[in-house]
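Written out below as structure tokens is the structure these notes cover.
The values are calculated or read from the model by the stated rules, or taken from the named source; none is laboratory data. The structure presented is a predicted model; accordingly, all values stated were derived computationally and were not measured. Don't worry about glycine lacking a Cβ; one is built from the backbone with ideal geometry, like all the others, and counts go over all protein chains shown.
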Amino acid sequence: MSLAKPSLLIALLFAAQVQAQTPVATPSTAGTMVIVPAFGEVKHANDEATVTFSAEEHDKDKAKAAERVNRKMKEGTEILRKLDPRAEFKTMGYYTYPVYPENPQPPRPVDGVVKPPVPVAWRVGQYLEMKTTNLASLPKTAAGAQKVVAISGIHFGLSPATLKRVDDQRISETYKNLNERIVSIAAAMGRKPADAALETVDFEGSGQYVGNQQEMAAPQMARMHAKGGAADAMTEPSFEPGETTLQMRLVGKVKFK
């Protein structure tokens with residue numbers, strides 16, 4: 001009876017040692033489907049400017065106000081075309097509306113008829129949009145036009161040719177990020193990248209495979225506003241075109257052999 005106890009103890013210790021040395025089985029990753037989100041971002045200096053010029057007049061005589069606006073806008077357009085012959089121009093709007101007294105008296109009926117209020121003046125204005133890639137001469141061009149018309153707004157962005165080139169880079173960077181993440185995921189799963197087969201690529205990142213998708217960022221525009229008036233000598237304005245950031249998100253569907 002006393003000899004059985006040591007034998008039993010030795011047997012138990014041996015079984016525990018064998019069990020400790022036996023490797024724990026890992027789950028098989030064969031046939032595993034993996035959803036891989038990827039992200040790409042490209043920045044580029046802005047090379048196009050869209051400037052909005054305006055002319056506005058206020059007069060009791062509507063025709064006189066319109067005549068001055070027409071003259072200013074014609075002169076301003078001629079200056080702009082001369083300083084930047086390659087620029088594109090487009091009329092954005094022409095408006096005419098009455099100006100009434102700030103504290104109008106209540107209308108009184110005359111012969112039982114209430115007459116509408118009479119305007120004390122008229123406000124007439126026009127907008128002109130200029131699009132150019134000649135950013136080096138833009139301060140000089142703007143200053144020349146400000147002798148006659150005012151700058152009501154300006155924003156910078158990418159020209160169509162540059163935007164196409166940057167968009168190609170954005171797609172390439174995003175796809176590159178996808179491949180890098182597939183390699184990292186394969187290593188974490190103890191698999192080779194060659195074992196991963198890319199079945200689907202969603203360049204819209206629509207969220208069909210992964211929720212909470214980030215929307216593709218729109219190009220960031222540098223904006224500023226300035227005012228100008230008639231003058232014999234106009235100091236050139238200062239502009240900082242800034243840069244545009246293009247982003248893209250895609251989702252890849254990968255299956256391991």
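Looking at R71, R81, just one residue is modelled with pLDDT of 95 or more, part of a helix (DSSP H, G or I) and more than 34 Å from the chain's Cα centre (by Cα), and that residue is R71.
Residues that are among the hydrophobic types (A, V, I, L, M, F, W, C), buried (at least 16 other Cβ atoms within 10 Å of the Cβ) and in a helix (DSSP H, G or I) within the range 147-170 comprise L163, V166, listed in sequence order.
For beta carbons closer than 9 Å, sequence separation of 6+ or different chains, a first residue in the range 128-145 that is without any contact (Cβ under 8 Å) to a residue 60 or more places away in the chain and a second that is among the polar types (S, T, N, Q), the qualifying pairs are N134/T141. Of all residues in the range 60-90, those satisfying the criterion of being out of contact with any strand residue (DSSP E or B) (no Cβ under 8 Å at 6 or more places or on another chain) and either farther than 10 Å from V124 by Cα or small (G, A, S) (or both) are A63, R71, K74, E75, E78, I79, K82, L83, P85. Scanning the range 20-54 for residues that are at pLDDT 55 or above and farther than 25 Å from D195 by Cα yields a total of 14.
Every residue, every condition in (1) within 27 Å of R165 (Cβ to Cβ); (2) modelled with pLDDT under 65; (3) within 32 Å of the chain's Cα centre (by Cα); (4) exposed (fewer than 13 other Cβ atoms within 10 Å of the Cβ), yes or no:
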position	(1), (2), (3), (4)
A187	no, no, no, yes
D195	no, no, no, no
L198	yes, no, yes, no
V201	yes, no, yes, no
A217	yes, yes, yes, no
A222	yes, yes, yes, no
K227	no, yes, yes, yes
E243	yes, no, yes, no
K253	no, no, yes, no
